[in-house]
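See below for the structure under consideration.
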Amino acid sequence: MSRLVVLCLSLIPFTVAAQDAKKEIEKYQQMLGEGSPAELWELEGEALWKKPQGPSNASLEKCDLGLGAGKVPGAYARLPRYFKDTDQVQDLESRLVSCMSALQGRSRAEATKRVFGNADTPSELEYLVAWIVGQSRGHKMAAPVSHPKERASYELGKKVFFYRAGNWDFSCASCHGEADKRIRMQELPVLSEPAGAQLAYTTWPAYRVSSSQLKTMQWRINDCYRQMRFPEPEFASESTIALTHYLAVTAKGGAYRGPGTKR
Amino acid sequence: MKILVMAGMLAAPLALAEPTAREVQDIHLRDFHTKGMVKKEAVAQDAVQRICTMSNDRPSAEVAKQLEADQMRSIAFPAGSLLGDWKRGENIAQSGRGMTFTDAAGTPNGGSCYNCHQMAAKEISYGTLGPSLQGFGKKRGADAETQKYAYGKIYNAKAYNACSQMPRLGWSGTLTEQQIKDLVAYLLDPASPVNQ
């Protein structure tokens, strides 16, 4: 009997096996989303936002994420954006570092000494990011491009997206430039078009099951460059913020759903 | 008044001047740093990368021809048979290790072939960025000319298609001469699962 089963199974064409594998992966992803631990990161992040810290023993509650001091709901859906006080386009992570410095009196070096955590010890930024992005759930993506520096950032981000370099000659578009492609079983959204950018951007940052950790957008970009065989990008540098800005603007109109859950 | 404001908005330039290729490169050189085995200078573009980026991967036929001829000269074709061991080739095709800023120096690199290509029918976890190579040798045979084409294509894909998305695996130092020969055997050997 079992031999018959094996025989039958081996007769199933491989395309069917591949489709089954795809269905199983989809089922797995759905199950992951239903039981996501991202909520725990959000709770911890809210507590950290309100906790007095640093030489000034102040909380981040007066941090201006673009909508005014302390206004968090919907702020992430309107980032990156230009900030007058720093005269820069900033993404969420770089803005948080500015607030840590301005409100809490912390140095940039101290605030960024551990930007990516691990499963044992997450980074403070990962907790804060989880809570802040969760406060934009249901908000439509609307990163602005009206200030001249925002337009320049968007244009640079687009150039960064298509810039081929490194030992393997890749750009972001090498993997995210054509529809219906995948690496191994991983499907690849076209990030230079609204549908693909919305799919990806509205579900990042995300809880990554394979590393038991919440990962930020700066981490996502860092790890893409690692796999592209580029050298390491500087945390919250002009190019990574510009790239994030380009993706956010391209994702315009998509309802934010994060933090997401990924394999 | 409202109309004036709107007219003003419409008159405003919608896009600033785009940064030049040189400016974009300088920004990359400033914003990336050496880590592990990957040197920061790797973000500077060579002729292939620069021309492909600027032309959206569609250079004129003349420029493409010139680039391909230049890249062809970079290929060191070994003398004799280019058929290595397909079993070793299979491991190289499966492995995606190496060349990242977190890889330890000294670990053998893989070719990451399955990331983008379908090959053996039994492997269902394959990427689709590149064309399917299933039955590659069955269709073409394994004569000296086919061996040379497969070796050259793996060594430097840009010698055959200037703006190919495939990495220059020999040229970049990712794979050794022996590893490429093993991959050629994996593609061409009639006993290889690619041709079953």
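The values are calculated or read from the model by the stated rules, or taken from the named source; none is laboratory data. All values reported here derive from a predicted model rather than from experimental measurement. Using ideal geometry, Cβ is built from the backbone for each residue, glycine included, and neighbour counts are taken over all protein chains shown.
Cβ-Cβ below 7 Å, separation at least six or inter-chain, first residue in the stretch A:25-54 and over 20 Å from A:Pro205 (Cβ atoms), second of a type in the set (A, V, I, L, M, F, W, C) and assigned to a helix (DSSP H, G or I): which pairs?
A:Gly54/A:Met100
When the residues of the stretch B:165-184 are narrowed to those that are free of Cβ contacts under 8 Å to residues at least 60 places away in the same chain and surrounded by fewer than 20 Cβ atoms within 10 Å (Cβ to Cβ), which ends up nearest to B:Ile51 (Cα to Cα)?
By that ranking, first place goes to B:Gly173.
Looking at the stretch A:226-252, which of its residues are crowded, with 23+ Cβ neighbours inside 10 Å, within 11 Å of chain B (Cβ to nearest Cβ) and among the aromatic types (Phe, Trp, Tyr)?
A:Phe230
Among the residues of the stretch A:220-240, what is the count of those that are assigned to a helix (DSSP H, G or I) and under 17 Å from B:Leu29 (Cβ atoms)?
Taking the stretch A:220-240 and keeping what is assigned to a helix (DSSP H, G or I), we get A:220-227, A:238-240.
Checking the rest, the ones that are also under 17 Å from B:Leu29 (Cβ atoms) come to A:225, A:238-240.
The number of residues fulfilling the criteria is 4.
Taking into account only those residues within the stretch A:92-141 that are of a type in the set (Val, Ile, Thr) and under 15 Å from A:Gln53 (Cβ atoms), which is surrounded by the fewest Cβ atoms within 10 Å (Cβ to Cβ)?
First, the residues of the stretch A:92-141 that are of a type in the set (Val, Ile, Thr): A:97, A:112, A:115, A:121, A:129, A:132-133.
Checking which are under 15 Å from A:Gln53 (Cβ atoms) leaves us with A:97, A:112.
Values: A:Val97: 21, A:Thr112: 19.
Among those that are of a type in the set (Val, Ile, Thr) and under 15 Å from A:Gln53 (Cβ atoms), it is A:Thr112.
Take the conditions surrounded by 15 or more Cβ atoms within 10 Å (Cβ to Cβ) and not assigned by TED's automatic domain parsing to the domain that holds B:Val24 and apply them to B:Gly80. Does it pass? Give the steps one after another, and end with the answer.
Details: surrounded by 15 or more Cβ atoms within 10 Å (Cβ to Cβ): no; not assigned by TED's automatic domain parsing to the domain that holds B:Val24: yes.
Against the criterion (surrounded by 15 or more Cβ atoms within 10 Å (Cβ to Cβ) and not assigned by TED's automatic domain parsing to the domain that holds B:Val24), B:Gly80 does not qualify.
Do we find a residue being assigned to a loop (DSSP other than H, G, I, E, B), farther than 30 Å from A:Phe162 by Cβ and over 18 Å from the mean Cα position of the chain (by Cα) anywhere in the stretch B:143-160?
First pass over the stretch B:143-160, keeping only residues assigned to a loop (DSSP other than H, G, I, E, B): B:143, B:156, B:160.
This time we only want the ones that are farther than 30 Å from A:Phe162 by Cβ, so: B:143.
Next, only the ones that are over 18 Å from the mean Cα position of the chain (by Cα) stay: B:143.
Yes, the stretch B:143-160 has at least one match.
Spot the failing condition for A:Ser212; the list is (1) within 11 Å of chain B (Cβ to nearest Cβ); (2) within 19 Å of the chain's Cα centre (by Cα), and only one is missed.
The failed condition is (1).
Return yes or no: is A:Thr203 among the β-branched types (Val, Ile, Thr), touching a residue at least 24 places away in the same chain (Cβ under 8 Å) and closer than 17 Å to A:Arg137 by Cα?
yes
Just to confirm my filter: which helices (runs of 4 or more DSSP H) fall fully inside the stretch A:104-219 and include at least 1 residues that are among the aromatic types (Phe, Trp, Tyr)? Break it down stepwise before answering.
On the way: elements: A:108-111, A:124-134, A:148-161, A:172-176, A:194-201.
Passing ranges, in order: A:124-134, A:148-161, A:194-201.
Would you point out the residue of the stretch A:164-178, among those that are modelled with pLDDT of 95 or more and more than 20 Å from the chain's Cα centre (by Cα), that is farthest from the other protein chains (Cβ to nearest Cβ)?
This residue is A:Phe170.
For the subset of the stretch B:1-25 comprising residues that are more than 7 Å from every other protein chain (Cβ to nearest Cβ) and surrounded by 14 or more Cβ atoms within 10 Å (Cβ to Cβ), which member is modelled with the lowest pLDDT? Break it down stepwise before answering.
As a first pass, look at the stretch B:1-25 and keep what is more than 7 Å from every other protein chain (Cβ to nearest Cβ): B:1-14, B:17, B:20-23, B:25.
Adding the requirement that they be surrounded by 14 or more Cβ atoms within 10 Å (Cβ to Cβ) leaves B:21, B:25.
Details: B:Ala21: 95, B:Gln25: 98.
Among those that are more than 7 Å from every other protein chain (Cβ to nearest Cβ) and surrounded by 14 or more Cβ atoms within 10 Å (Cβ to Cβ), it is B:Ala21.
When you scan the stretch B:32-54, how many residues do you find that are surrounded by 16 or more Cβ atoms within 10 Å (Cβ to Cβ) and in a helix (DSSP H, G or I)?
9
Only residues that are of a type outside the set (A, V, I, L, M, F, W, C) and under 16 Å from A:Ser174 (Cβ atoms): list them for the stretch B:47-71, please. Working first, answer last.
Going residue by residue through the stretch B:47-71, those that are of a type outside the set (A, V, I, L, M, F, W, C) are B:49-50, B:53, B:55-60, B:62, B:65-66, B:68, B:70-71.
Residues satisfying the conditions are B:Gln49, B:Arg50, B:Thr53, B:Ser55, B:Asn56, B:Asp57, B:Arg58.
On the basis of being out of contact with any Leu (no Cβ under 9 Å at 6 or more places or on another chain) and away from every other protein chain (no Cβ under 14 Å), does A:Gln198 make the cut? Working first, answer last.
Working: out of contact with any Leu (no Cβ under 9 Å at 6 or more places or on another chain): yes; away from every other protein chain (no Cβ under 14 Å): yes.
Spelling it out, A:Gln198 is indeed out of contact with any Leu (no Cβ under 9 Å at 6 or more places or on another chain) and away from every other protein chain (no Cβ under 14 Å).
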